[in-house]
Amino acid sequence: MGLRRVIALGEALIDFSALEDNVPLREVAGFARNPGGAPANVAVGVARMGVASQFVGCVGDDPFGHSLIEAMRVYGVDGTHTHTVAEQTSLAFVARNEGDPDFFFVRHPGADVMLRDEHVAELALDEEACLHFGTNSLAEDPIASTLRRLVTRAREAGALVSFDVNLRPVFWRDLRAALAAAREMMAQADLLKVNRAELLWLTGEQDVERALSALVAQVPGTVLCTLGEGGVWARRADGLDVRVTANRVACVDATGAGDSLIAAVLSVLARRGVGRTGLGELSRGEWEEVLRFASAAAAINIGRLGAMNAMATYAETEAFLQAAGKP
C-alpha cells in the first residue's frame, strides 16, 4: 500500500489581495477577493494535480464561508469534513511586496478555530492517506487539541504526516508557545516544510546551511526548505542532500508559492504511491525529479494573481518543464 490521497486540515479563509505592488496595506486603494488559507490552498493544489484531495476544517455560516465551500467543490476537493459554524469566516488582507507578502488577518476567533473531535470522528486515516497541516491550527483551542489527537491517530494508522510550519506570529499571544508547538509537531512529521525565516527561527542559527543541518538532526523525516529565488532544498538525516534552483519568472503574487510547492510534492508522491515507508527510501535522483516538478508548479502559481485560483494543473506543470528544457 502507498499514498493515494491527501487530507489537508486547517484554515480556509478569504484573501483580499492588493491590486498595487509594493504599497503598504494602509495605503492600498483596492483589493481582489480570492479564496485562500494555506491548507485549503494545498487541498486545491493537490486536486488540480489529479490526486484525491480532502479539506478538513470549519468555515463560517456566512457568504464568505459558503463561497469557500463552493470554490473547493468546483476544484474537485472532497468537502465531506468541511463544516459550517456560527463564528465568522477569517479574512486576510495581503500586500504584494517583493519577496514574501505581508498579511493582516481578521480572526477573533475565526470559524477555522472551531474544529472539534466530533467533526473528525469519521475521518478515514490509513497507509494510503497523508495528513497535512500547519502551525496556525495549533494557536488556539478547540482546533489545537483536535489536531494533536488526530496526528496521533494518523501515526498509529500508518498515514504520512506532512507539516508546514507556515508561521503567522499574529495568531499567537506568545511566540515561545509557537516555537514549542512547532517543535512538538516537527518531531512527528514524516515531511517538514519551512522557509528561510522559519528555519532560522526554529534553530536559532543565522546561517542557512548550519541551520538546516541542525534542524535535520531533530526531525525523523525529510526536511524541505524553500529559499525563494534560491530554490528548494531537501535534506534527510541519513545524508540525503538535494537542492534545485528556482525557475526565473516574473512574480505577480507570491501568496500561494509555498502552498503550491508542497501540494505538488505531495501530488507526485501520491501518483507514485510513496507513503510513509517509501518516503525515506527515495533516492537523490527521485527527489530531484520531485523538486523540479514542484518548483515548476510554484513558478506557475506566482505568475498569477491569487493563491487557490492560481494553482497549476499537472498538464500545465509538465508543459512548463518541457518549455524550460527540464522534462
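Read-outs throughout are calculated quantities, based only on the coordinates presented, and are distinct from any laboratory measurement. Everything numeric in this text was worked out from a predicted model, so none of it was measured. Every residue, glycine as well, gets a Cβ built from its backbone with ideal geometry; the counts of neighbours run over all protein chains shown.
Listed values for region 207-222 are Karplus-derived 3J(HN,Hα) couplings in whole Hz (6.51 cos²θ - 1.76 cosθ + 1.60, θ = phi - 60°), namely 9, 4, 5, 5, 5, 5, 4, 5, 5, 4, 5, 9, 10, x, x, 9, and x replaces Gly and Pro.
Sorted largest first, the spans of the alpha carbon positions of the chain along the three principal axes are 48, 44, 40 Å. Shown is the FRET efficiency for residue 271 and residue 121, computed with R0 = 22 Å from the Cβ-Cβ distance and rounded to the nearest 0.05: 0.15. Computed extension length for residue 23-residue 73: 14.7 nm, one decimal, from 0.36 nm per residue of separation with the Cα-Cα distance subtracted.
DSSP beta bridges in region 5-323, what fraction antiparallel, as a percent rounded to 5? Roughly 40 percent of the beta bridges in region 5-323 run antiparallel, per DSSP.
Taking label points 7 Å from Cα along the Cα-to-Cβ direction, residue 145 and residue 243 give a separation of 4.5 nm. If r is the Cβ-Cβ distance from residue 80 to residue 315 and R0 is 41 Å, what FRET efficiency results, to the nearest 0.05? The computed FRET efficiency comes out at 0.95. Taking the DSSP beta bridges with both ends in region 70-206, the antiparallel portion is around 40 percent. Ranked by the mean number of other Cβ atoms within 10 Å per residue, highest first, peptides 117-128, 266-277, 10-21, 209-220 order as 10-21, 266-277, 209-220, 117-128. Taking packing as the residue-averaged number of other Cβ atoms within 10 angstrom, the listed peptides 308-318, 54-64 run from highest to lowest as 54-64, 308-318. Placing unit charges on the Cβ atoms of the charged side chains and taking the dipole of the chain about its Cα centre, the candidate lying farthest along the positive direction among 280, 182, 58 is 280. Residue ranges 233-240, 27-34, 143-150, 189-196 sort as 189-196, 143-150, 233-240, 27-34 when ordered by packing (mean number of other C-beta atoms within 10 Å per residue, highest first).
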